[in-house]
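Before any comments, here is the structure.
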Protein chains: 4
Amino acid sequence: MLYFQNDYHAGCHAEILRRLDRFSQRDFPGYGQDELCGKAADTIRRLCGREDLAVHFLVGGTQTNLTVIAAALRPYQAVTAAQSGHIHVHETGAVEATGHKVLALPSRDGKVTAAQVEQLMESHQSQEDPAHEVQPKMVYISYPTELGTLYTRQELEALHRVCRQYGLYLFLDGARLGYGLTAKDCDVNLQDLARMCDVFYIGGTKVGAMFGEAVVIANPELAGDFRYMIKRQGGMLAKGWLLGLQFEALLEDGLYFRIAQKANDQADRIRKTLEDGAVPMLVPGSTNQIFPILSDSALKALSQKVLYTDMGPADETHRAIRLCTSWSTGDEAVEELCRLLEAAKK
Amino acid sequence: MLYFQNDYHAGCHAEILRRLDRFSQRDFPGYGQDELCGKAADTIRRLCGREDLAVHFLVGGTQTNLTVIAAALRPYQAVTAAQSGHIHVHETGAVEATGHKVLALPSRDGKVTAAQVEQLMESHQSQEDPAHEVQPKMVYISYPTELGTLYTRQELEALHRVCRQYGLYLFLDGARLGYGLTAKDCDVNLQDLARMCDVFYIGGTKVGAMFGEAVVIANPELAGDFRYMIKRQGGMLAKGWLLGLQFEALLEDGLYFRIAQKANDQADRIRKTLEDGAVPMLVPGSTNQIFPILSDSALKALSQKVLYTDMGPADETHRAIRLCTSWSTGDEAVEELCRLLEAAKK
Amino acid sequence: MLYFQNDYHAGCHAEILRRLDRFSQRDFPGYGQDELCGKAADTIRRLCGREDLAVHFLVGGTQTNLTVIAAALRPYQAVTAAQSGHIHVHETGAVEATGHKVLALPSRDGKVTAAQVEQLMESHQSQEDPAHEVQPKMVYISYPTELGTLYTRQELEALHRVCRQYGLYLFLDGARLGYGLTAKDCDVNLQDLARMCDVFYIGGTKVGAMFGEAVVIANPELAGDFRYMIKRQGGMLAKGWLLGLQFEALLEDGLYFRIAQKANDQADRIRKTLEDGAVPMLVPGSTNQIFPILSDSALKALSQKVLYTDMGPADETHRAIRLCTSWSTGDEAVEELCRLLEAAKK
Amino acid sequence: MLYFQNDYHAGCHAEILRRLDRFSQRDFPGYGQDELCGKAADTIRRLCGREDLAVHFLVGGTQTNLTVIAAALRPYQAVTAAQSGHIHVHETGAVEATGHKVLALPSRDGKVTAAQVEQLMESHQSQEDPAHEVQPKMVYISYPTELGTLYTRQELEALHRVCRQYGLYLFLDGARLGYGLTAKDCDVNLQDLARMCDVFYIGGTKVGAMFGEAVVIANPELAGDFRYMIKRQGGMLAKGWLLGLQFEALLEDGLYFRIAQKANDQADRIRKTLEDGAVPMLVPGSTNQIFPILSDSALKALSQKVLYTDMGPADETHRAIRLCTSWSTGDEAVEELCRLLEAAKK
């Protein structure tokens, strides 16, 4: 079978294994207070162009989302997200488990707009007695979104402004950040994110690491006592240096971006094949996720040879699917997939 | 000013005050384990036609909703409700505060349909790995709904069936139950509710009591240790007999239903006036809530003399409002309101 | 039977009923935003000698405790209390239900000492990596304590100082505050409490009201958005004016203190009888709670005529009990109890 | 420096790295539903002698504790533990964060006794109105305990019996299980644990793995929907096969027990040295943790060369410390430590 169902089916980049071999017999202080985490945090600060960022390493995305959100909000405050947002639909109520409502906003392309946020706040604040509703305090966005789309710089600036205006925190889920920042139409970089977001994370699990997400806290209000929160939520890794090691391997010299770029290039080849075959797309895209709409009969054939994610019916005889490339996707797999897609469209 | 903005602006029915006077110098065991609560619970069992119901008295609606839901669900389970459901929009995240997601369903008239519930369950259960989503386990409905509409017996039977089929609990919020059960097009009664719902409550706060909601638990799975839950959530009233006293006063000889019926009749007079004036309605209705759509200029005049609830813009020059009668609404107030509405429409 | 088992077995003071009669047919805005609550809050500010206090009215003690604590603490922070503290032993985990640990301190007399708080903080802060423990942030004390004892002014000042020193909030549970402030050896007043505590409450349920606790927030850090918290925790009473009415009735002209004083005087008579009979006490006291140690045979006789609370075995043939007077205790009941105690000791 | 401060300062056993190299370029299904997890679970079932055990793999101990406890308890239920229990003192309120109280029992040696559990339950159930207290429902024990002590088979049987009698779950934290099961005075095995406990876990993080704890659920009441709970609490590892790989490497042919045994043998050498020097111990022991009491002057010298954990003052001039061997401790380090201890005692 060809693996295109997600971007976390393979282990990790060889460079990480090499370093694991090198360091695995050494002794380290526990819980992320070691030199490898220190170096990786410094590297991230350098890439973000700011010395004052707090950096923490966690194991997985849901853990990161719930810890950041629970750390930022007062009990009666809520986070808003697109209705397709990962925290709203795919985390088994992990945010609600910390006592906070997710306010879902309608969205076709997976993005939240500044206008939506403004309307939400105006609606809340104009209540005669707002205390009967949760108080929106954080905007959660994903970059790329769960539909593979990217916010433009202009859109991010607008979100940043509206958040400032209403005293909201802007939190960017970067589980697939590498694929976003290396997309050909991306017009922001890490330094922009560190300026515009209050907190965001650089995803490792889906971009070359065995596991790991690097949380970058830019707003000092959110930085205090964050390690207490990690521990309280069960997210503190005893051998935290494993996380520092991986992020240093990925970020030290740009490996993270090179492998993400490659995955995007492969996705472009697949998109090209689909376009050439006039296959419609659920949403357009430029990152490692592709959302073609195919006929049930084409899918019946494809599913014999390819693992993909079903996105539901598009009409009575077609379904949208998701195809994912990843840092580990080989060229032969892409070629074989393209051949199968060419055959499928006929 | 004329008070039509809600149904809890007045104190309580005179019969309750009379009984308070009578019992206020007597001594009672605490926490609802007294004879007044016992008698009121017996009365409710009699009205519901079942000896095996567990009955508990709580002070308010949000407290009741969160306690029932938190008692019924396992941590990863969710309650589904109409997007206009009180628990979703007007309880400041009280359900999420207990760790549970509210799954909102689109609805124009405030109702949830059996087909929506079926689709939700099919969608969840057909996931390749459902553990990434909350597990729906309870359906929350209001009777009447927050938009004053009523489920027909047929609709309730369908919800009851679909809940049985998928192992869901059916929970009916009866904060305004009296107004629902005495509406002229109501085709269910307490005995039906006790058969079709796993748990529901008879609202006192909005129907003649100073405060109080009587929870009726029909499904024995939900009845165990419920007093622990009430105490844990801060809802156990030291002088619980105050609740038993009020419900016995209201239910013993049908006072509850008589005063609700009167409020519905008064609402009908107001609806008639609006219909005569060809004023459009946001939703039709037969209970104590009325949702006319009026021009901004008409509202400007009306708001000088009447307290009502704004429901938002209907178009660029009109807004929907809510007018509420209640057990305490006097005939003169209704007449005066009708006069003002007649004037307004012109 | 003689009711001495608690101080909430009777309804409410007649003055409250009088006012209920007067106001029960009037219309009020909901949720505590009415003139009666406004007046009662003003009275409390006047009694406390400070214009800048935030005052909120809640229905019961457990609700008040959990709402105040959850509002004040960040998720990883804890409240410390005597091991006999109400929040630790008699609230069914209501504080833990909001996600916070109660750190219990050993205590024989129900009090927390400044030295204990200092030791707790030094122990926490001297950890190599304190993030593995909850962070103490609030000190919870009761006045009088659950054992009827009173902090001296000196003890309160010491607690106040140590809290300031370590950045802790001092929270005083005043469920029985009236009995404390009118005890003959009390050397503090409301103005002292408003200066020394960050937040405290004036208990109504046990001192003449039907129900109600008046929360006084002196530290502005804790005041923001408190109504959101009340609503989120299910504690917002629709007819909030019922609470304002009661506190105004009790506090306006000192009724609260007069009826509490009377209960203390009656307790003193009972204590005198016990002392005359050389009955040992579990703890000494000057408020409405009395803790004699009686033989099993004496208790066998007493329990036929008196309701009291068992406090457990003192030795193999004796048990400690609690006798409570209250604002509603009549002189005849006290005389009868004294006669029975005199007989019992023989 | 010599590392004796904990048993998780080194990476992992070489066999795990070998397997990582072998599997890291392969593709696996996500979230623990892969063949490596399947094989490791089968191995655990074989070692436990039961086909019907549910086995799940989590990343760390605190995550495991909170997930198991939150999955097992109803909201108002509590877990009881020794006052030195990890969940009570070293998890930053992670259990309380899920809404449950930890009921601490006094203990000198880190153990809970059946008699304590019985007394707790009798005390709770004999309350006149037990709903005012949390309901104990689970007993948490550690094997070995946080003080390195071991329950005898007889003690475990007694706990098992008392739990059955009162309907409590018995949960055994096996973060250091390998060191316990290979101690020379251990008289239980995995099959005994699977029979006596409702749920327990086999710790990997401290016994040769990079990370990982294998949860074994013996009571089918606790097994349902456990993956929902893992996801909800943020503990589901995307590349779950990393956990299966490690446990299979450790358990397949007994490596886990061999390396734990070696660490115990080394600890015995250290204990022998201390005994020869007549150094008193805080608690006796036979596992990899050693708790000598040394003079402040001896410690001043020792701390220049050895990392250890301070356990607090024993008297005015002595402190207890903890020395830990681990699977990674080399013989030279042990010899050097023994030399230093011999010098220290003089």
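Data for the structure
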| item | result |
| --- | --- |
| Tensor-based shape of chain A (alpha-carbon gyration tensor, a/c under 1.5 rounded, otherwise prolate or oblate) | oblate |
| Accessible area of the protein assembly as shown belonging to carbon and sulfur atoms, whole % at 1.4 Å probe | 49 |
| At least 40 Å² accessible surface lost relative to isolated chain, residues of the stretch D:178-227 (1.4 Å probe) | D:210, D:211, D:225 |
| Chain C, rotation onto A, residue closest to that axis via Cβ, with its distance in Å | C:99, 3 |
| Residue B:309-residue D:187 pseudo-label distance in nm [points 7 Å out on the Cα-to-Cβ vector] | 6.9 |
| 7 Å along Cα→Cβ, label-point gaps from residue A:258 to other copies, nm, shortest first | 3.9, 8.8, 8.8 |
| Set of the stretch A:214-238 residues, backbone N closer than 20 Å to the point 7 Å along the Cα-Cβ line of residue C:125 | A:224-229 |
| Inter-copy separations for residue B:297, label at 7 Å along Cα-Cβ, nm, ascending | 6.3, 9.5, 10.1 |
| Size of charge dipole - the stretch C:186-226 - debye, nearest 20, with Cβ of Lys, Arg +1 and Asp, Glu -1, no other charges | 180 |
| Farthest toward positive dipole pole in chain C [+1 Lys/Arg, -1 Asp/Glu at C-beta], among C:180, C:25, C:94 | C:25 |
| Given charges at Cβ of Lys, Arg, Asp, Glu: chain D dipole, positive-most of D:124, D:63, D:280 | D:63 |
| Ratio of Rg to Rh over the protein assembly as shown (Cα coordinates, Kirkwood Rh, two decimals) | 0.98 |
| Gap separating the Cα centres of the stretch D:82-151 and the stretch D:287-346, nearest whole Å | 30 |
| Packing rank of A:262-271, B:143-152, where each peptide gets the mean count of other beta carbons within 10 Å, highest leading | B:143-152, A:262-271 |
| Within chain D, helix-based [θ] at 222 nm, where runs of 4 or more DSSP H residues each add -39,500 (n - 2.57), nearest 500 | -12000 deg cm²/dmol |
| Members of D:206/D:239; B:206/C:231; A:101/D:239; A:206/A:239; A:101/A:231; B:231/D:111 lying beyond 25 Å, as alpha-carbon distances in this model show | A:101/D:239; B:231/D:111 |
| Under-5 Å amide H pairs with residue A:314, H placed in peptide plane, nonlocal only | A:319, A:320 |
| Cα-based Rg of the stretch D:50-176 normalised by 2.2 N^0.38 Å, two decimals | 1.02 |
| Inter-copy spacing of residue C:119 label points, which lie 7 Å from Cα along Cα→Cβ, given in nm from shortest upward | 2.1, 6.0, 6.4 |
| Contact order relative to length of chain D, as percent, for alpha carbon pairs under 8 angstrom and 6 or more apart | 24 |
| Column: log10 I(q)/I(0), Debye, Cα scatterers of the stretch C:154-231, q = 0.16 Å⁻¹ | -0.65 |
| Shielded by partner chains, the stretch A:115-141 residues - at least 20 Å² of accessible area, 1.4 Å probe, vs chain alone | A:129, A:131, A:132, A:133, A:134, A:135 |
| Relative contact order of the stretch D:238-297, defined on C-alpha pairs under 8 angstrom at six or more residues apart (%) | 25 |
| Lys, Arg +1 and Asp, Glu -1 on Cβ, resulting dipole of the stretch D:65-124 about Cα centre, debye, nearest 20 | 40 |
| Solvent exposure of chain D as accessible area per residue, Å², 1.4 Å probe | 35 |
| HN-Hα J in Hz across the stretch A:135-150 - Karplus 6.51, -1.76, 1.60, θ = phi - 60°, x for Gly and Pro | 9, x, 9, 9, 10, 9, 10, 10, 9, x, 6, 5, 9, x, 8, 10 |
| Taking only Cα atoms of the stretch C:120-172, radius of gyration then Dmax in Å | 13.1, 39 |
| Highest average packing first - A:6-16, A:117-127, Cβ atoms within 10 Å | A:6-16, A:117-127 |
| Size of electric dipole in chain B: Cβ of Lys, Arg +1 and of Asp, Glu -1, about Cα centre, debye, nearest 20 | 520 |
| Number of partner chain Cβ atoms within 10 Å, mean per residue of D:236-245 | 5 |
| Length-normalised contact order for the stretch D:167-263 - Cα pairs under 8 Å, 6+ apart - percent | 30 |
| Percent of beta bridges antiparallel (DSSP, the protein assembly as shown, rounded to nearest 5) | 55 |
| Protein accessible surface hidden between A and C, which excludes ligands and nucleic acids, total in Å², probe 1.4 Å | 2100 |
| Largest to smallest principal axis extent of the C-alpha atoms in the stretch B:169-291, angstrom | 54, 30, 27 |
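The values are calculated or read from the model by the stated rules, or taken from the named source; none is laboratory data. Every value quoted in this text rests on a predicted model; they were computed, and no experiment measured them. Note: ideal-geometry Cβ built from the backbone for every residue, glycine included; neighbour counts use all protein chains shown. Surface accessibility is based on the protein's heavy atoms, side chains included, excluding ligands, DNA and RNA. Shrake-Rupley method; radii C 1.70, N 1.55, O 1.52, S 1.80 Å.
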